[in-house]
Amino acid sequence: MTLSLLVIDDDETVRSTLVEFFETFGFTARGASTATEGRRLAAEHAPDVVLLDLRLPDADGVRALEALRADDPDLAVIVLTGYADVRTAVAAMQHGAADLLEKPVDLELLAAAVTRAAERGRLRQEVAVLRAQGRTQATPPAMAPTVSDLIDLAARNPDAPILLQGETGTGKGYIARQIHDRSVRNLSPFVEINCASLSATFFESELFGHERGAFTDARQAKRGLLEVAGEGTVFLDEIAELSAEVQPRLLKVLEERTFRRLGGTTMLRSSARVVVATHQSLADAVAEKRFRADLYYRLQVLTITLPPLRERRDEILTMALAMLPKGSSLTNEAEDALATYRWPGNIRELKNTIWRAAILAEGRPIEPTHLGLPVPPTPTHPVRVVPNDPRTLEQAEHQAIREALAASGGNRTHAARLLGIARSTLLEKLKRYPTDGA
């Protein structure tokens, strides 16, 4: 998944340099010259990381940081300042800054800080949402025990590779961390790497490490994540994107627990557990010759599939209410719109939609227009009363309402559209016609 970055700095040279620098790393990068513009862009595009200058023409940087974090409490903000001092650093950290770097900033250090902040921010989002589910006991009984039992089973078997499957935004990173935290490996590091974010050479360097001179710029030896993890957990996200050159080396680690650093000759031992995740079908990747069948079978010792949000419809409203900023509320129409939308971006899309809507509502109750969700098309042939129907008009109207509610799954907004009337009109009629499920 492409990471999104927002640079808020009134210095055009600095801003454009940072945007161009991170675009070369595959980020979607945008720039803003003021705190006001930055806050607007953050609300519109929901960046993974914000780089924030502390001296802006329209606001003090700490106040800008406070506003950004108020809009999105999980937003990762790295503060950049040419006037760093202890008081500024403390104030920035108190208001939730992920890091603070002094200008002129070293781009290599900044890139590392951005990567760390993006990973931590993503994990915090997943943890916050899933904790909210737990607090409200919103998880459907039919689904929760299955996933929870599998997590416990994985934790009790700390040597087994784990395959996590599910659409983007369903919480795979959170589940990987839960497996680690519940296992005997929890005293050792949990490290992760995205298989789609690096070239084959750099991925091998990150995972296996390298010796001095292994490739250009390898000026000194480096330990890979398999060594850093020790007896902990290595989480490989987007495993379906793992290059063909690296797949045999990962298979060797799983089968023999041994590997060599890039450019090395000494065989090293790995004691780490490997957990992998994908939003794609690994079976399809094997059929298309993009993924080794033997590696696939080795990885699927225990598979945990996380259902998309559209299959957890009873949770949507409870989760949305838990995500609302303090002082915000939803109208009945907005609740109906949330419940009927299919949420292709799952939990992450729901969170971003709620926070963006709260900003646009400016303290008023959130309406469907603030959510910006697609409106279901009105049917070409609405429910009609047949002229020769022997029932009274009142009976026919009552029956039409019952049919519309049944066809819409009880959603009153959708039912009103089917009937070709306003929702308020439908509500008035429901008061007169007590209807089952209404």
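A few remarks follow.
- When only Cα pairs below 8 angstrom with a gap of at least 6 residues are kept, segment 217-358 shows a relative contact order of 21 percent.
- Distance histogram in 5 Å bins (all Cα pairs of segment 186-308, percent per bin): 2, 11, 21, 24, 20, 13, 6, 2, 1, 0
- Take each peptide in 68-80, 330-342, count the other Cβ atoms within 10 Å of every residue, and average; sorted highest first, the result is 68-80, 330-342.
- The HN-Hα couplings worked out from phi for segment 246-255 by the Karplus form 6.51 cos²θ - 1.76 cosθ + 1.60 (θ = phi - 60°) are 8, 3, x, 5, 5, 4, 4, 4, 5, 8 Hz, whole numbers, x standing for Gly and Pro.
- Accessible area (Å², per residue) of segment 302-371, counting only protein heavy atoms and a probe of 1.4 Å: 44
- Antiparallel bridge percentage (DSSP; both residues within segment 187-336; nearest 5): 30
- The Cα trace of segment 290-379 gives Rg and Dmax of 17.5, 56 Å, the first to one decimal, the second as a whole number.
- HN-Hα J in Hz across segment 239-245 - Karplus 6.51, -1.76, 1.60, θ = phi - 60°, x for Gly and Pro: 4, 5, 8, 5, 5, 4, 5
- Set of lysines near Lys222 by C-alpha distance (under 24 Å), chain-local residues within fewer than 8 positions excluded: Lys252
- Close amide-amide hydrogen proximity is noted between Ser4 and Thr28, Asp48, Val49, each under 5 Å apart and 5 or more residues distant or on a separate chain (H modeled in the peptide plane; Pro and chain starts excluded).
- Amide H contacts under 5 Å for Leu330, placed H, 5+ residues apart: Ile366
- Extension reserve of the Leu153-Ala407 stretch, reckoned as 0.36 nm per residue once the Cα distance is removed: 87.4 nm
- Rounded to the nearest whole Hz, the Karplus-based 3J(HN,Hα) values (6.51 cos²θ - 1.76 cosθ + 1.60, θ = phi - 60°) of segment 193-198 follow the sequence 8, 9, 5, 8, 9, 10, with x at glycine and proline.
The values are calculated or read from the model by the stated rules, or taken from the named source; none is laboratory data. None of these values were measured; they are calculated from a predicted model. Cβ: placed from backbone, ideal geometry, glycine included. Neighbour counts: every protein chain shown. Accessible surface is based on the protein model in full, side chains and every heavy atom, while ligands, DNA and RNA are left aside. Shrake-Rupley method; radii C 1.70, N 1.55, O 1.52, S 1.80 Å.
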